[in-house]
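The values are calculated or read from the model by the stated rules, or taken from the named source; none is laboratory data. Please read these numbers as outputs of a predicted model, since none were measured by experiment. Ideal geometry is used to build each Cβ from the backbone, glycine not excepted, and the neighbour counts take in all protein chains shown. Note: accessible area is taken over every heavy atom of the protein model, side chains too, but ligands, DNA and RNA are not part of it. Shrake-Rupley method; radii C 1.70, N 1.55, O 1.52, S 1.80 Å.
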Number of protein chains: 2
Amino acid sequence: MKHLPLLAALLLTAFPSFAQTIGPIENLVRYAHPLVGTQRMGHTFPGATVPFGMVQLSPDTDTISYEQNGKYNPKVYEYCAGYQYEDKTIVGFSHTHFSGTGHSDLGDFLIMPTTGPLQLNPGTADQPEKGYRSRFAHQTEVAEPAYYKVQLQDHEIRAELTATTRVGMHRYTFPQAEQAHIILDLTAGIYNYPDKNVWTFVRVENDSLVTGYRQTNGWARTRTEYFALQFSKPFKSYGARNYAKKQAYRGFWGRFDQTQNFPEQAGEQLRMYFDFSTTAGEQVTLKMALSGVSTAGALANLRAELPGWDFDAVKRAGQAQWQQELSRIVVESPNKVDKENFYTAMYHAFLSPTVYQDVDGQYRGLDQNIHQSKTTNYTTFSLWDTYRALHPLLNLIQPARDADMVQSMLAHYEQSSLHMLPVWSHYANENWCMIGYHAVPVITDAIVKGNAPFDAQKALDACVTTARHQWYDGLGEYMRLGYVPEDKSGSSVSKTLEYAFDDWCIAQAARKLGRPDIEQEFSKRAQNWQNVYDARIGFMRPRLSDGSFRKEFDPLSTNNQGFIEGNAWNYSLYVPQDPAGLIARMGGNKRFVAHLDSLFTMHLPDKFFAETEDITRDGIIGNYVHGNEPAHHAAYLYNWTDQPWKTQQRVRMILPKMYRPTPDGLGGNDDCGQMSAWYVFSALGFYPVAPASGEYALGSPAIHAATLRLENGKTFRIRAKNQSAKNVYVKEARLNGKLLARPFLSHQAILDGGELVFTMAGKL
Amino acid sequence: MKHLPLLAALLLTAFPSFAQTIGPIENLVRYAHPLVGTQRMGHTFPGATVPFGMVQLSPDTDTISYEQNGKYNPKVYEYCAGYQYEDKTIVGFSHTHFSGTGHSDLGDFLIMPTTGPLQLNPGTADQPEKGYRSRFAHQTEVAEPAYYKVQLQDHEIRAELTATTRVGMHRYTFPQAEQAHIILDLTAGIYNYPDKNVWTFVRVENDSLVTGYRQTNGWARTRTEYFALQFSKPFKSYGARNYAKKQAYRGFWGRFDQTQNFPEQAGEQLRMYFDFSTTAGEQVTLKMALSGVSTAGALANLRAELPGWDFDAVKRAGQAQWQQELSRIVVESPNKVDKENFYTAMYHAFLSPTVYQDVDGQYRGLDQNIHQSKTTNYTTFSLWDTYRALHPLLNLIQPARDADMVQSMLAHYEQSSLHMLPVWSHYANENWCMIGYHAVPVITDAIVKGNAPFDAQKALDACVTTARHQWYDGLGEYMRLGYVPEDKSGSSVSKTLEYAFDDWCIAQAARKLGRPDIEQEFSKRAQNWQNVYDARIGFMRPRLSDGSFRKEFDPLSTNNQGFIEGNAWNYSLYVPQDPAGLIARMGGNKRFVAHLDSLFTMHLPDKFFAETEDITRDGIIGNYVHGNEPAHHAAYLYNWTDQPWKTQQRVRMILPKMYRPTPDGLGGNDDCGQMSAWYVFSALGFYPVAPASGEYALGSPAIHAATLRLENGKTFRIRAKNQSAKNVYVKEARLNGKLLARPFLSHQAILDGGELVFTMAGKL
């Protein structure tokens, strides 16, 4: 009953005028399937979380080590989210997971309930009985937004998970068992390796409350996550083992038996266990609150956010949150699969960035100090991926959150002794993953689109300072030469192209903010893409310090060709700020269309797939790589040619091929929602080719109708007349009844509210 | 000039009525010699610190590793305070040092100025030129309270140190040097070993400000110390090396050269360097602020406490603080050596416990959470040592501080998931060093003597809870059997005797607070000393679970005989709560006097010195071990016999033998001021045999007169008529003119103010 006020608040806060606009909304939560993407390379997790939640409580099916016999183990790549659908065993349930990343971390505080004699090692997938892990079958598995259920066969325990923003809740239904245990494994983690744990610390505060932290040196170099864990039933006894190879200095602690019922534990590799006796069907509920600040913060989060023990009410509240977030866009379609794909994509797009702040407003900053913010602080900014479509989507239908995210980036900048905006913001760390300075398109997109409840001039200064760092990743040479020379800095063409786009974004914001000097400087830099285009071969190509193009060059290969996560075929299209200019440079309309056509239709020899773990047949159409991001805008480039119908056709081909409501239904890493945001936009019929332009390119809607319920109180309705799987071509598009002359739509038009009606046809 | 307000405040706050009472006070600071105890086993440090300061900025003459070839290196014991007077080289100046401990930790943030080519390793004592260390000579060394100076020969640099409570200040006078460096070695530390550093973290905030922290697993299991380091002159360039054998996970950091001018550093074993060019005689000043909370806390401490750059003013302010604290007792003597011994002892007694709290009131608690306190939080409670005389001394002449220390212990208790008062409180850690629960005599001493501006009932409850823990160090058996059985818990006799004394203290406080049930329970437990007395041999003796005394027994040995830091000869006298009862039990007055006489006069065979590193000839008189604490009260026990004159004679023999104003002038580890507090009391002519009794035993004053300037505004004056080195016997003692019938003095008599006049004589 404690949760009723929360539920009521949730239902009342947003969209008071909604009922008048489109009538009651059906249950959208049931269309979102967390298991989508858990098979093969989606790297999503199936567990329980609320929108943008700090807790992602999810089963881990293996604890692959980053190292095997001292060498990198490529199999670890499959376990970025801890779960692989093909696996037959579950090791336990941990509380933090990235969604869709291609590298990883987290997997904090793995909990596993067991019965029978205590086993403190996880066992192996082949021999789960030799450890605490358990076999499971997908038939017993239920994965819904904010709810996960599975039967742990070896222990005869039904496990159920749900969550609030900062608290994970476990409900374990035990058999009759003299020996029942809850294991808390602080040595477990994702992308783990022997030295990743820097320190672990546990206090048993009383017979049902445990606090502690885990400090790691991983993808995040200096990361500490704190917890407070409360049990619904007091444990009978408990114990600890330190598995550190190097024994922690014992000093005068040596005279105490710290292995049993000793409440103050610290060491590098701790595993804890808590003992119970259970009757048949007895339920033991756990609440695990997290904090990036302190165990006191975790406990305060626990008490503020989840004071009671009503698992079902927490699940209902979590699903109500999802219903609220998903209903920001209400789609209509006679085909259930359309809604499943759409709301699964919405679900995945609303998992991250994640809240990284306690209920009292405190959070840990990049400087490792504790800061206070009135806005919500977020982390997990996988910006190289998400600047393209995810942040534009949030800027459109979650503008308040997107502005808070921008403020989080600006705080990161303020806390950076390098004076850098985040590249990949990761739990009070910068992990430097990928290239560019793509906080810039996110911040400038917000400024250009009028969503800047922050000091926009200061934000622009942060963008400019970031973009002028001589030391950063070829940027000094870029500023001196107009391109990144491959002999000085690898992936030089990708860097040049992306810097040029980011620079163009700065110029757009500078124009909006009346800073002509900045606008001029960065408009000029935005032209630098031209410096790596080799007109003789018609491709972007790595260039050396002496001005020459590098001789060795294979435009199909991704291996050391001056590009990252893409080859020259894909990357040569990366001038989102000026497709017309690119077309002219590439020989005009006809030659450009031919390049695009070839991209989608050519056959890529197998040998290229061996080069990059991140590029697989799953995510490829011809030589178009949808599984990675650099060409995500490519299908929309036909809009700048005389054949925009090909955009419509390509988009409607990509959508069903790359997105299916099945575990193997994602064509590549979801990359913190970028892949899914691409779906949401494209299914609605438009896409932000150049964030910070204020304009979208039209494609071909895949739904029959959709209502965008905007935070400004207005709605924007999209309808597709004569919609069908075959009617992929847009015969005409009318905005508020007025025929659109060009296949583009302004952001302002959406904000103004109104209706966009597509008339679909099966032929041109 | 910024320091004038601080100085003025210091001079105005205390003792307004003082001038009227005893007239102007001479400069006492010049009598206190920080070098005393730095040779042999005193384990004091010679560097700069203010009273009870958080910073102890002092030279380290070697960085001996705890391990050598994987085994304990006994030589590390000599370096508990980082400095040994015999050494010829200085490695650098670090900011935290225990004073007088027999185990150690700390030595944080070692700074070394150098000239010439950069060397980042410390070098060796034999070959200092192979590293950054330098030769030095004592002729160039000046060590005063709050000031230290030395010439670093190899670098031709004059180093000067001073400090405020939370900030260490360095002034380095350089020669002309194209290459001058300041090295900040985060791998250095006291009692170091390869895995002691858990993590280090450094940020170069700008060209003259650096922040960071060092996290260690040492005597304190989970300790993090933060710093903010400011340079008076911007460095030209800087760099970092990570000496970790296991390379920290590099991830995407690998593409940056982090070794030079890269401001964000983290890893297990960092050394930093900062480059300058200097002109002849150029001074570079550094300010290093500490915090147990965060780097933000350290920076706030720096800005609040030491905003300016006037080294000489900081030194003056520090010495003004010392003058204020030392002048709490103004002694008179025609012999300079008496004042040197007395004020050196006062100085050492006022080094710890140390402030462990930021200027804003925040501090790190035992639970690793940040707490806020309006009173001053202290750490470094070496309670097994200091409950005997140091805390009674503070309770008498520093009652406000002592009450704050008690509150710090109570906070520790509140933060302990073990529900234990501190045993050895160590920078937000419990290190469990030594035995007993000797926070109890400190807390109860404060309660009994009316110095309890805290919830005394709650404090008593904390004492009782602590004293009832079944799991603690033989305490369960002690409660069941009335003694600790040696077959269950080593040092069983020492534990039994000390538990019994602590229990008696609880009873005294319970009586004062009107808790008859507690008084009764613990008065009974206070009798438990009787259970380990073997009347057949006249010694305390280890007893087994079956009730029998252990057969193997050597009352001279300290090795596995049921005692710790003492043998049966010394420990058999440990019933401070009831000397009369002990005397009766030991066969009455005559036999007891014979035991005491033998103790002081017998010859202890050499073999016993090999048994314990902590017991050396330096600290021994006969078989009386003054270098350790268990018999510190022994000389005063003659007061309970018919020969109190022997107390007078023994005390006057011990004082000059164990305390001299020379580097080798301490007869044993100073043990955080306990040895020195013994001197202060004994030189004044009385000693707290049983803290919490409210009474002192009279001895023989060593000074000619002394004025105790009490915080209640009153003064208590002591005079020794006919005083001389030969006139050691007290012919009579008069309190406010009234002849004392017994050789005892009540605490209340001192608090009331007045005069105690001893008349001395050379014969009985």
In region A:165-179, how many residues are open to solvent by less than 10 Å² (accessible area, probe 1.4 Å) and in contact with a helix residue (DSSP H, G or I) (Cβ under 7 Å, 6 or more places away or on another chain)?
2
Number of positions in region A:476-485 that are more than 20 Å from A:PHE549 (Cβ to Cβ) and within 14 Å of another protein chain (Cβ to nearest Cβ):
1
Can you spot a residue in region A:377-388 that is surrounded by fewer than 21 Cβ atoms within 10 Å (Cβ to Cβ) and away from every other protein chain (no Cβ under 14 Å)?
no
List every residue pair whose Cβ atoms sit under 6 Å apart, with the two residues 6 or more apart in sequence or on different chains, where the first one lies in region A:724-736 and is in contact (Cβ under 8 Å) with a residue 60 or more places away in the chain and the second, anywhere, is assigned to a loop (DSSP other than H, G, I, E, B) and not charged (D, E, K, R).
A:VAL728/A:SER700; A:TYR729/A:LEU764; A:VAL730/A:SER700
Reported set for region A:258-280 where residues are more than 37 Å from the chain's Cα centre (by Cα), open to solvent by 20 Å² or more (accessible area, probe 1.4 Å) and in contact (Cβ under 8 Å) with a residue 60 or more places away in the chain is A:SER277, A:THR279, A:ALA280
Restricting region B:199-235 to residues that are open to solvent by less than 10 Å² (accessible area, probe 1.4 Å) and of a type in the set (Ser, Thr, Tyr), which is nearest to the other protein chains (Cβ to nearest Cβ)?
B:THR222
Yes/no for B:ALA317 being open to solvent by less than 10 Å² (accessible area, probe 1.4 Å), touching a Lys or Arg at 6+ places or on another chain (Cβ under 8 Å) and assigned to a helix (DSSP H, G or I):
no
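Yes/no matrix, rows are residues, columns are (1) among the hydrophobic types (A, V, I, L, M, F, W, C); (2) within 14 Å of chain A (Cβ to nearest Cβ); (3) in contact (Cβ under 8 Å) with a residue 40 or more places away in the chain:
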| site | (1), (2), (3) |
| --- | --- |
| B:ASP404 | no, no, no |
| B:SER417 | no, yes, yes |
| B:HIS426 | no, yes, yes |
| B:ALA459 | yes, no, yes |
| B:VAL464 | yes, no, yes |
| B:HIS469 | no, yes, yes |
| B:GLY474 | no, yes, no |
| B:ASP487 | no, no, yes |
Only listed residue being within 14 Å of chain A (Cβ to nearest Cβ), closer than 16 Å to B:PHE93 by Cβ and either buried (at least 23 other Cβ atoms within 10 Å of the Cβ) or in contact (Cβ under 8 Å) with a residue 40 or more places away in the chain (or both), chosen from B:ILE182, B:ILE190
B:ILE190
Being surrounded by 14 or more Cβ atoms within 10 Å (Cβ to Cβ), modelled with pLDDT of 95 or more and closer than 21 Å to B:ASP385 by Cβ, is that true of even one residue in region B:596-603?
yes
Does region B:516-525 include one or more residues that are open to solvent by less than 40 Å² (accessible area, probe 1.4 Å) and over 13 Å from B:GLN577 (Cβ atoms)?
yes
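Open to solvent by less than 20 Å² (accessible area, probe 1.4 Å), farther than 16 Å from B:HIS170 by Cβ, within 14 Å of chain A (Cβ to nearest Cβ) and under 27 Å from the mean Cα position of the chain (by Cα): which single residue out of B:THR344, B:THR295 fits that description?
B:THR295
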Out of A:THR162, A:THR101, A:THR124, I need the residue that is surrounded by 22 or more Cβ atoms within 10 Å (Cβ to Cβ) and in a loop (DSSP other than H, G, I, E, B). Which one?
A:THR101
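Across region B:243-257, what is the total count of residues that are within 11 Å of another protein chain (Cβ to nearest Cβ) and under 37 Å from the mean Cα position of the chain (by Cα)?
4
So if I check each of B:VAL680, B:VAL575, which one is β-branched (Val, Ile, Thr), within 30 Å of B:PRO353 (Cβ to Cβ), open to solvent by less than 10 Å² (accessible area, probe 1.4 Å) and not in a helix (DSSP H, G or I)?
On the way: B:VAL680 fails: not in a helix (DSSP H, G or I).
Testing whether each residue is β-branched (Val, Ile, Thr), within 30 Å of B:PRO353 (Cβ to Cβ), open to solvent by less than 10 Å² (accessible area, probe 1.4 Å) and not in a helix (DSSP H, G or I) leaves just B:VAL575.
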Condition check: surrounded by 21 or more Cβ atoms within 10 Å (Cβ to Cβ), over 25 Å from A:LYS233 (Cα atoms), of a type outside the set (Ser, Thr, Tyr) and more than 14 Å from chain B (Cβ to nearest Cβ). Does A:PRO145 satisfy that?
yes
Pick out the one residue from A:GLY514, A:GLY490, A:GLY450 that is within 25 Å of the chain's Cα centre (by Cα) and either at pLDDT below 95 or assigned to a loop (DSSP other than H, G, I, E, B) (or both).
A:GLY450
Filter region A:32-75 for residues that are open to solvent by 10 Å² or more (accessible area, probe 1.4 Å) and in contact with an Asp or Glu (Cβ under 7 Å, 6 or more places away or on another chain) and give the result.
A:HIS33, A:GLN39, A:ARG40, A:MET41, A:ASP62, A:ASN73, A:PRO74
Of the numbered conditions (1) of a type outside the set (Ser, Thr, Tyr); (2) surrounded by fewer than 24 Cβ atoms within 10 Å (Cβ to Cβ); (3) within 14 Å of chain A (Cβ to nearest Cβ), B:TRP309 fails exactly one; give the number of that condition.
(3)
Could you go through region A:349-360 and let me know if any residue there is under 19 Å from the mean Cα position of the chain (by Cα), in a helix (DSSP H, G or I) and surrounded by 24 or more Cβ atoms within 10 Å (Cβ to Cβ).
yes
Give me the residue from region A:430-457 that is open to solvent by 10 Å² or more (accessible area, probe 1.4 Å) and either among the polar types (S, T, N, Q) or on the phi > 0 side of the Ramachandran plot (or both) and, out of that set, farthest from the other protein chains (Cβ to nearest Cβ).
A:GLY450
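A:ILE654 - would you say it is assigned to a loop (DSSP other than H, G, I, E, B), within 23 Å of A:VAL337 (Cβ to Cβ), among the β-branched types (Val, Ile, Thr) and open to solvent by less than 20 Å² (accessible area, probe 1.4 Å)? Spell out the reasoning first.
On the way: assigned to a loop (DSSP other than H, G, I, E, B): no; within 23 Å of A:VAL337 (Cβ to Cβ): yes; among the β-branched types (Val, Ile, Thr): yes; open to solvent by less than 20 Å² (accessible area, probe 1.4 Å): yes.
In short, no.
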Condition check for A:TYR238: touching an Asp or Glu at 6+ places or on another chain (Cβ under 8 Å), open to solvent by 10 Å² or more (accessible area, probe 1.4 Å), among the hydroxyl-bearing types (Ser, Thr, Tyr) and assigned to a strand (DSSP E or B):
yes
